[in-house]
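Working notes for the structure below.
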Amino acid sequence: MSWTDSGTSKMDLSRLLPEIDEAQAVATRESASAPSLLLVDLPSLSGLPLNSSYRVTAAVIARLHDAVAPSGNIAVVGEGRLAVLAPRTGPRRAAVLARRVERCIEDLHNSEEVPFSGPASVRIHQLDPGASAQDALALAGVALNPAKEHALPVWLTRAEIFDSPRPRVALADDLDEAVHAGRIGLAYQPIVGLQTGRIIGVEVLARWQHPSLGQIPPLEFVPLAHEIGVAGELGRLVLEGALAQLTGWRNSHAIGSDFVLSVNTSADQLRALVGRGQIQGLLSATGTDPRNLALELTEESFVAGAEQDVEVFAQLHGLGVGLHIDDFGTGYSSIGYLRRLPAALVKIDRTLLGDLAGDPREQRFIRAILDMVGALDLDAVFEGVETGSQARELSRLGAAMAQGYHFSRPLPAATMTALLGSWNQT
């Protein structure tokens, strides 16, 4: 089966209309920024068989999950065209998001050798929060065509992974079973000291390999874990496995005494881990120095829960465990919180990295970030370093730490162990 209309101007945004209406209502009710709609035209995939084109589109969507988190939606709206709905996203943040989407697609092309011809293009439309979804699209100059029958399914990042409710219920049951059976895997991405060239820590990432569906993205199964009430157990499982691996590396002398294990968590998981004494128990059971562990929250989590979680942060600080802020610089005004929260490090979001080698303004911008972070007595890790030139420029500008595909992708434990041995050998 092929598309009934393959013209590049044809779109089917009907599946996004409820999401747009909801985003409009929230913007009006909360006096928030109006939602933005990003129309993404993928590079040409001409010459590929239809099934291969589907797989490439699915791979793009999986990669874009990271770019549009936590509240964005992605839908296939035409052949080679995606729509990204971003609630509470003003023009500046929409521009940042568009750049992030373009980079995700470029990274997929570079790393997975997807046969794109040319770059992706992203058009931004600011929607009017006072209008209905259809009127808002019309005012933005977006043509809404009737739904058309085609072979390619429509994906939404916050709706069902499949079209019917039953698969999501089944997936929830599978996740519940996997968590309680301890079948959640871990991957480790190195954090590199730019001045020394050594691996000085790792970021720990949860992985779920579904027995029939394959790898489920964390941005699908982690929110689902919260929905079904197993997020606390998931957080404990990840921390327990990560500390066990850290103990193994320490006992085999694969790491130094200042090596830091950075574990992704959510505010809810952090409250459970601290409130139930699980962090203290696991540190004691594994003989881990608290200084070798850091828990990592997104910048959004810090802002959204700062008032109610200050006591939790203080307890964590009292244990000697580090508190890191992930995705710093993605648009939330958390600088004021940085001045009073016991954070030790910020991870600078990849969208803030520009053409460091060729643009003096970008270099001044990075220096300003380093000056601000230094004035707050914080360390910084630059995320998303993809090229050697970026790494060299960051080092020259005084940055101490970085991570990204230039150094390594997230790796399973055995591969990470081998990398530690080869990379850090003297």
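The values are calculated or read from the model by the stated rules, or taken from the named source; none is laboratory data. A quick note: this is a predicted structure, and the numbers were derived from the prediction, not measured. Every residue, glycine as well, gets a Cβ built from its backbone with ideal geometry; the counts of neighbours run over all protein chains shown.
Assorted remarks:
- Pick from region 104-132, criterion closer than 18 Å to ARG81 by Cα and modelled with pLDDT under 65, ranking: nearest to the chain's Cα centre (by Cα): VAL114
- Selection count where residues are surrounded by fewer than 18 Cβ atoms within 10 Å (Cβ to Cβ) and among the charged types (D, E, K, R), scope region 253-273: 2
- Pair list, Cβ under 6 Å, 6 or more apart: region 352-378 residue in contact (Cβ under 8 Å) with a residue 12 or more places away in the chain and not assigned by TED's automatic domain parsing to the domain that holds GLY398, other residue among the basic types (Lys, Arg) and in a helix (DSSP H, G or I): none
- ILE199 out of contact with any Ser or Thr (no Cβ under 8 Å at 6 or more places or on another chain) and buried (at least 18 other Cβ atoms within 10 Å of the Cβ): yes
- Residue check, LEU345 in contact with a His (Cβ under 6 Å, 6 or more places away or on another chain), assigned by TED's automatic domain parsing to the domain that holds VAL263 and either among the polar types (S, T, N, Q) or crowded, with 16+ Cβ neighbours inside 10 Å (or both): yes
- Residue within region 366-382 that is at pLDDT below 85, under 21 Å from LEU194 (Cα atoms), under 21 Å from the mean Cα position of the chain (by Cα) and surrounded by 16 or more Cβ atoms within 10 Å (Cβ to Cβ) present: no
- Some residue of region 234-252 being buried (at least 22 other Cβ atoms within 10 Å of the Cβ) and not in a helix (DSSP H, G or I): no
- The numbered conditions (1) in a loop (DSSP other than H, G, I, E, B); (2) modelled with pLDDT of 90 or more are all true for ALA206 except (1).
- In summary, PRO49 fulfils each of the numbered conditions (1) surrounded by 21 or more Cβ atoms within 10 Å (Cβ to Cβ); (2) modelled with pLDDT under 70 with the single exception of condition (1).
- Failed criterion for PRO412 (all others in (1) surrounded by 21 or more Cβ atoms within 10 Å (Cβ to Cβ); (2) more than 19 Å from HIS324 (Cα to Cα) hold): (1)
- The sole residue among ALA62, ALA58, ALA32 that is at pLDDT below 70, not assigned by TED's automatic domain parsing to the domain that holds PRO217 and not acidic (Asp, Glu) is ALA32.
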